[in-house]
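> Let me begin by handing over the structure; questions about it come next.
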Amino acid sequence: MKTHDEDRNKALSNNLEHITRIDANPETFTIGEVWKDYLTASHLGWRLFVRDISAQFRQSYFGYIWAFVPAITTGIVLSIASRYKVINFGETQIPYTAYVIIGMVIWQTFIEALMIQINTIIKSKDMIAKINFPREALIISGFLLTAFNLVIKILLVVAVLLWFHIFPSAVSLMSLFVIGALLLLGSGVGIFLAPFAALYQDIGRFVTIASMALLTITPAFYSPPSEGLFAKVISLNPVATLLVTSRDLITSSEINCSINSIMFAFIIAILTFIASTITYRLSMPFIIERING
């Protein structure tokens, strides 16, 4: 008797056979061609997403409990450090534990958006090298997986708000647009790095170190300063702007970032995604050649 996994793999193979008959030119990068390939690859991207979700549940006993653990653990540890004055994280408009958990959930979403794109390409190296299909399917799959994980994390955010008796207004729904821009930015950086990460393991190590450095200038767990050089550095960090703004909207707090900073962050996110998509398409022939070589 066939298992569900066999059925899914057969359906995925049928999709691949259909897609490979489409004349896709990875070196073409006009906006029209890019959009056309995204539409062509959308169904295959969905099938890859379903496959990856199924694999996550099969390979983890605790499933999506792990989506909550990092933010909750960080929140508890830093709350204890703040309560006993071990470290001064500044004054916050809401209870500090809620402040840091929500901040770390948003930060984790950004990092996941970046890493999922990289890991998707690395896992699919053999398929990329052997089958001619719109590689945008891998981007779509990674984007859907990040969005699915975000929905799971939203449940944690809602639970935290209820626990600390924080009742946001309807304006909080605007945070979804800001988080969407952050997801777009993270995915864009991941798409840019993914082809190189498929060839060089150094990229993964670089991302780990760089993300730790970026976290220090992103107010996920501390209150952003209002003046000084450090405040200027943070204001130029689009990740910090999008994270702080989304957290302020979620908790209906006073918006700390200026409209100009928010617009700048949105523009950077969109341009990063577009530029990375072009780089991704241009690099594919080279990547395929190196993998086959």
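> Work out the length of the dipole vector of the range 31-292 about its Cα centre, built from +1 on the beta-carbon of each Lys and Arg and -1 on the beta-carbon of each Asp and Glu, and round it to the nearest 20 debye. Don't jump to the answer; show the numbers that get you there.
Working: 16 positive and 12 negative charges, 111 e Å.
In debye, rounded to 20, the range 31-292 gives about 540.
> Which loop GluC sites (Glu not before Pro) in the range 87-182, with loop taken from DSSP, have no more than 10 other Cβ atoms within 10 angstrom of their Cβ?
E91
> Just order 164-171, 214-221 by mean Cβ neighbour count inside 10 Å, highest at the front, would you?
In decreasing order of mean packing, 164-171, 214-221 become 214-221, 164-171.
> Quick check for me: using +1 on Lys/Arg Cβ and -1 on Asp/Glu Cβ, what's the dipole size of the range 178-293 about its Cα centre, in debye to the nearest 20?
The dipole of the range 178-293 has a size of about 220 debye.
> Moving on to the next point. By what distance, in whole Å, do the Cα atoms of the range 181-293 stretch along each of the three principal axes, largest value first?
The Cα atoms of the range 181-293 stretch 55, 25, 25 Å along the principal axes, largest first.
> Provide the net charge surrounding I139, with neighbours chosen by a C-beta distance below 12 Å and charges set as Lys +1, Arg +1, Asp -1, Glu -1.
That works out to 0.
Each value in this text was obtained by applying a stated rule to the coordinates, not by laboratory testing. Just so it is clear, the structure is predicted and the values come from calculations on it, not from any experiment. Positions of Cβ are generated from backbone atoms using ideal geometry, with glycine treated the same way; all protein chains shown enter the neighbour counts.
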